[in-house]
Structure formats: C-alpha cells, structure tokens
Amino acid sequence: MGRYAIRRLLQLIPVLLGTTFLINFMVWQLPGDPFAARCGQRACPDSYISAMREQFALDQPILVQYWHFLKNLLSGDLGVNFNQVSVATQLADAWPITIRLALMAVAFEAIVGIAAGVLSGLKRGGFLDNVITISTLLMLSLPVFVTGFILQWLLGVQLQWINPTVSPEAPLSELVIPAFVLASLNLAFTARLTRTSIVENRRSDYVRTAIAKGMTNKRVVAVHLLRNSLIPALTFLGTEVGSLMSGAIVTEGIFNIHGIGGLLFSAINNQDFTIVVPVTSLLVLIYLVTNLLVDLLYGVLDPRIRYE
Amino acid sequence: MIEVLPESAGSGTGSGALLEVENLHVEFHTRTGVAKAVNGVTYSVDAGETLAVLGESGSGKSVTAQTIMGILDIPPGKIAGGAIRFRGVDLLKLPEDERRKIRGEGIAMIFQDALSALNPVFPVGWQIAEMFRIHRGMSRADAKKKAIELMDRVRIPAAKDRVNDFPHQFSGGMRQRIMIAMSIALDPEVLIADEPTTALDVTVQAQIMELLAELQRDSNMGLILITHDLGVVADVADKIAVMYGGRIVENAPVHELYRNPTHPYTKGLLESIPRVDLKGQELYAIKGMPPNLLQMPTGCAFHPRCPYKQEKCVSEVPPLHTISGTRSSACHFWREVLDGDAQ
C-alpha cells in the first residue's frame, strides 16, 4: 500500500502541471482588458495600462507567463493582486473560514446523512422511513442556491432566529445554517446510499450467520451490518469533499461569508486573475488529494480491495 | 448465562430425544398468496446421531432448519404451528433473549456458501474469536488463541499465520472449514449442516464430510445433515428423512432406505443415481417439476409425477404409515412400492 500511495502521489505532478497550465492559459485568454475599467468613470490612461501589463507580465508569451507562475508558486511567493495587496495574505484570511464551513458540512453529511440512512433502512416501510425518503427527495430536487435563499429568508428574515448574513469573523454558530445548506445535496444522497446498502445487506448471508452465532441484535446491526453498509457512503463523502469546496462559492455568496468562495467570486467579477489562478489551482489540488485519500481509505475499509 | 436450560439428563419430557421437531408448519405470505413451505414436519435427532434430511429445492428442508435456528425471516415467513423441543424445552415458546443464547451454544449451523456466509470485512480469526468473546466474555488475546486452536482442529494449514487473513483469501474448502470451526467453537450439542458441500468440488466434498463425521464422533454431537445429494449421505448418516413438498414422505435407517425404498419419490431418486453397471443406458429421471408451493396438488403432492398414481392419491392426503419401528412412508401404496422393488 505504501508503494501504491507513493506512485499515486507522483502521478499527481503531471496532472497538476496540466491543470494549472490550462487554468493560466484560459484566464489570460479571456476577452476584455482587466485594466481598462479600473479607473472609475473615465478611461484609464495608456501609461497605467501598459505599466500594469508589464508588472503582471501580460506582454510576455503564455509559456513565459506560466514559467513565472510556477517559479513564484514554488518559491512560495504569490505576489500581489491588481490592487497591490498581497495575494498570500488574502488567501490566509479566507481559507480558514472556508475550511471551517466545509468541515462542518462534511460533519453534517456524515452524521445526519448516515444516521438518517441507517434508521430508514432498518425500519423500511415505516413512518420514519417515509419521512426520510420524502425529505431527501425534496433536498435532492432543490438546487443549493434555492435551499440557501429559502432558509435565509425563513430563518433569518421572517423568524429572525439567525443573522441573514455571517459576520466577517465567521464564528461556528453563525456557520451552522450555511454549512447545512452547503451539505444538503450530499446529505440527502448519503442518506439514500446508506439506506439502500442497509436494506440490501440486512438480508445478506453473513448477517444471517451473525444471528446464527447467537450475537445480540445490537451487535449484529452495529458491527456486522454497519461495517459493510458504510463503505459506499464513506467513499462517496470522501470524493465529494472537492466538489463541496466549489459548492462553497454559491453558499458563501448567499450568506456573505468572506471565505475562498467570496474571494474567488469578487476576483472573477473584477477580472483579477492573480487571485483566480491560485485559488482554482488550490481547489484542483484539494480535489486530487481527497480522491487519493478516498482510494486509500477504500482499501482499508474493504479488505477485498488490495493495492500492490 | 452459559446454562439456561436444564441438563438433558434431568429432562424427562417428550420422547426424550435431544432435539425434536414436531408437526411444524411454516408459511410464507407473499403478494401472490400463501406458500406452505413446511406442512407438518416431525423429526428428531439424538446425541451422537446423524439425521440426513433429503429433498430437492423447495422441499422445505432448509426452511425447517432455519426455523430450528430461529433465523427465519419473519415476515414474510410465519410459523403456523408445531413445536421444536431442545432438551425438552419448546424453543418456539422461549423469549428471543433466551433463544439467542442457545444459538451457537446449544445448536449451531453451517451454511452452503461459506464465502457469502462469512463476513467479508473481518479476518476469519476475528470471526471465530467473536464466539468466545461474546458468549464467554474472553479477552481478545485469549479468544484469538482459541480461534487458532480451532483452525488447527479443522486442519487449516499454518493456522497461526492465517488467522488474520480475510475470507476471500481462502479456497472454498478452507472457507467451509472456517465455517465449521466457528460453528463448533462452543461445543454445541446439535450441529445443523445446510448443504455443507454443495458449493465444493467432489474431492473437497469428501474431506469436509470426513471432517464433520470425525468432529461428531469426538464430541458426540447430534448432526442434522441437509442435502439433496444421496451420494453424500450414505457414509455418514444413521437415518434419513426424505422431504417432498414441505412434508416428510419417508423415514428410514440409511441402509434400509437404499435397499428398499417405500416411497415412489425415494425410489425415483435412487434410480436416478448414475451407476457403473448401467453404463451406456439412459439415466432415469423423475418426470415433471417440483410442486408449486402456492398451488399444491390436491391429495398427495407427488401424484402428478408418480408412476404408482391412482384415484385415491388425487383425493386423499396420505398419512405417514408406520411400516416398522423406525420406518415410515407417506404413500397409500407403500406395499406395492416395496414389493415392486423386491421383484
């Protein structure tokens, strides 16, 4: 497994090079001049535009620009953005908030999703099962921004239980509802996935064996049934961490959270590619690493899958 | 916690056999109707005795075993009547908690397909050790030692090195040995083997049967061997119960059954075994299909396929006629079957 992990890590390098090049290439090729509209009502002077172009090396060929990007990245210097503010500082301010939001969302998905799935799977056809099946169907059919605006309006504006927007420090208590919104789709899917595998495995031969061995009902369910039924749900949750990060852009926009999503959102609006490129690259990196971790976790959870 | 029932020596109820199934009825309620899988089955097994239950798929032999074990899926299954006495106590009347303690301790079971019957995500040693940890409250280390001893006893080579391997890393025969090791872990008094060799190839089948017979001799267990394979039964069984359509159609000591069957179904089964001296001739096969449990034939369930069929067979369910002390046949014309055989 160690050798497998190292091989997979080495495979990340060409993938990262390819994706970051594509990101660089694509953002700098977008139409429109990022500097032309930065001077308020009047047009920017040519001298300013050319000075900025020179500073950000936009007058160089794309390969040279990419080389600069790589060199800066490896030396840990992300430079400044178009407003001459350090990119690294902005990232350092925004990341912790998004990570907090994403981890809370993952916790929601894992705890609520799996618990709901197990309960409805064990009591198939019962009242609780129907409630869970219908509510997950509802969650699955609503896009995140709809769920977000509805909850914001209902809980924040109408009932005033929460602040409709999150303060700049983004304490955990204010992130509960945004995290739930962010988690909602995956949560519903996790619950359904868990339910299906519980229902399927309940009639399996090894569960019957466990009963025939004289194990208590509790032990049959909690040890023999759960251990097998959680494999698909856990791997699903793992692979979805990456997409959760990009989903955060919408959620952070709705609740005005100053995380990575908000940063990326405003950077795209301002055509400030000095932010867009490193943030997107980081999202790619997170996606790749979580996928690798899930593949390794899968081998641990299911001994039938072995890596040479 | 270990002994929940009176010792067999002290119990004087019933006929006194270790395990008795009496007039058991099991139904399955499905959307298309009620399937009567078991219709009044009675059999018993004593310590050190081997009962072979013979029958084709759907004859109710496995459902009876699952009902004894208490692992029948209820619903759709439903126990419609009868009694299952273990050491004189009716298991069907015991609360679930008491019943659970008998599983593994008093009556244990091995299944046809060991690959699916073993849990794929736990090491085999862990699964055997679980018996000692849960039933006997042993520590993990002690239980693992016992597991290795058991794996040695069922002759798994290099048991110590393989105790942490997973089921998929073993061959079919070895997996069935692990299943057996797990079932005999707590020295049960009755072992039910539900088609233990069906999924294995012929040479391995013989080894597994030998192992079962040996373990039975060593610990004086009662063994219920469920099979559809007459060849498997001959060497190990003491007595045979033949099942058809959820009923027992013939009871006999093993050699008498092979020599002189008293039911047309048994006779048909015996004649459909390939024989060396009849090489080149067409093999006999029982005509027709097993009965549909949702629409059982009237009278004798076997009559649509029976060469001895007469009007009485269509209208009247044959009772189980006692022929001699240990022999019985559920055929109106058992005498003719017996005579025909003697010709």
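Here, each number is a calculation from the coordinates, and none is a lab measurement. Computed from a predicted structure; not experimentally measured. Virtual Cβ from ideal backbone geometry, glycine too; neighbours counted across all protein chains shown.
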Between B:Ile74 and residues 5 or more places away or on another chain, which pairs have amide H atoms under 5 Å apart, with H built 1.01 Å from N, and which residues are they? none
Separation in nanometres of the label points that stand 7 Å from Cα toward Cβ, at B:Arg217 and B:Asp142: 3.2 nm
The range A:197-206 - phi-based ³J(HN,Hα) in whole Hz, Karplus 6.51/-1.76/1.60, Gly and Pro as x: 6, 5, 4, 5, 6, 4, 8, 6, 5, 6
Which residues' amide hydrogens lie under 5 Å from the amide hydrogen of B:Ala52, considering only partners 5 or more residues apart or on another chain, with H built in the peptide plane? B:Leu225, B:Asp238, B:Lys239, B:Ile240, B:Ala241
GNM on chain A, Cα springs under 10 Å; top mean-square fluctuation among A:Phe56, A:Phe180, A:Phe189 goes to A:Phe56
Measuring from centroid to centroid over Cα atoms, what is the spacing of the range A:84-129 and the range B:149-197 in Å? 43 Å
Can you tell me the relative contact order of chain B? Whole percent, Cα pairs under 8 Å, sequence separation 6 or more. 20 percent
Show me the three semi-axes of the equivalent ellipsoid for the range A:177-308, from the C-alpha gyration tensor (sqrt of 5 times each eigenvalue), largest first, rounded to whole Å. 40, 17, 8
Antiparallel DSSP bridges in the protein assembly as shown: what percent, to the nearest 5? 65 percent
In nm, to one decimal, how far is the modelled label at A:Phe149 from the one at A:Ile62, with both set 7 Å along Cα→Cβ? 3.6 nm
I'd like the distance between the alpha-carbon centres of the range A:217-254 and the range B:67-128, rounded to an integer number of Å. 33 Å
Descending packing, highest mean Cβ count within 10 Å first, for A:141-152, B:116-127 is B:116-127, A:141-152
So how long is each side of the range A:1-126 along the principal axes, counting just the alpha-carbon atoms, biggest first, in Å? 72, 46, 27
Packing rank of B:279-289, A:160-170, where each peptide gets the mean count of other beta carbons within 10 Å, highest leading: A:160-170, B:279-289
With labels modelled as points extended 7 Å from the Cα through the Cβ direction, what inter-label distance (nm, one decimal) is found for B:Asp73 paired with B:Val34? 2.1 nm
Calculated on alpha-carbon atoms, Rg and Dmax of chain A in Å: 23.9, 85
Choose one answer from B:Thr64, B:Thr50, B:Thr322: the residue with the largest mean-square fluctuation in a GNM of chain B with alpha-carbon springs under 10 Å. B:Thr322
Scalar couplings 3J(HN,Hα) for the range B:313-326 by Karplus 6.51 cos²θ - 1.76 cosθ + 1.60 (θ = phi - 60°), nearest whole Hz, x for Gly and Pro, are 5, 7, 9, 10, 6, x, x, 7, 6, 7, 9, 8, x, 10
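Using 24 Å as the Cα-Cα cut-off, could you pick out the over-long pairs in B:Lys78/B:Lys309; A:Lys123/B:Lys36; B:Lys101/B:Lys160; B:Lys287/B:Lys312; A:Lys123/B:Lys144; B:Lys239/B:Lys309?
Details: B:Lys78/B:Lys309 32 Å; A:Lys123/B:Lys36 27 Å; B:Lys101/B:Lys160 29 Å; B:Lys287/B:Lys312 20 Å; A:Lys123/B:Lys144 35 Å; B:Lys239/B:Lys309 27 Å.
Long pairs (Cα-Cα over 24 Å): B:Lys78/B:Lys309; A:Lys123/B:Lys36; B:Lys101/B:Lys160; A:Lys123/B:Lys144; B:Lys239/B:Lys309.
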How much length is gained on full extension from B:Ala206 to B:Leu270, taking 0.36 nm per residue of separation minus their Cα-Cα distance? 21.1 nm
Averaged over peptide B:118-130, how many Cβ atoms belonging to another chain are found within 10 Å of each residue's Cβ? 4
Report the Cα-based extents of the protein assembly as shown along its three principal axes, largest first, to the nearest Å. 120, 56, 55
On average, how many beta carbons from a partner chain sit within 10 Å of the beta carbon of a residue in B:100-106? 3
Report the relative contact order of chain A, percent, no decimals, based on alpha-carbon pairs under 8 angstrom and at least 6 residues apart. 26 percent
Can you compute 3J(HN,Hα) from phi for each residue in the range A:6-12, using the Karplus curve 6.51 cos²θ - 1.76 cosθ + 1.60 with θ = phi - 60°, rounded to whole Hz and x for Gly and Pro? 5, 4, 5, 5, 5, 5, 5
Starting from the amide H of B:Gly60, placed 1.01 Å from N in the peptide plane, find each other amide H under 5 Å away whose residue is 5 or more places distant or on another chain. B:Gly246
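Counting partner chain Cβ atoms within 10 Å of every residue's Cβ in A:223-234, what's the average?
Values: counts 4, 5, 1, 0, 4, 4, 0, 1, 2, 0, 0, 0.
So the per-residue partner count for this stretch is 2.
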When chain B is treated as a GNM, springs tying every alpha-carbon pair under 10 Å, which of B:Leu230, B:Leu278, B:Leu24 comes out with the largest mean-square fluctuation? B:Leu278
Nearest 10, in degrees from 0 to 90: the angle of helix B:124-136 to the longest Cα principal axis of chain B is 90 degrees
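Per-residue ellipticity at 222 nm for chain A, helices alone: DSSP H runs ≥ 4 residues times -39500 (n - 2.57), over residue total, nearest 500 deg cm²/dmol?
Numbers: 12 runs with 213 residues, N = 308.
After summing the helix terms and dividing by the residues of chain A, the value is -23500 deg cm²/dmol.
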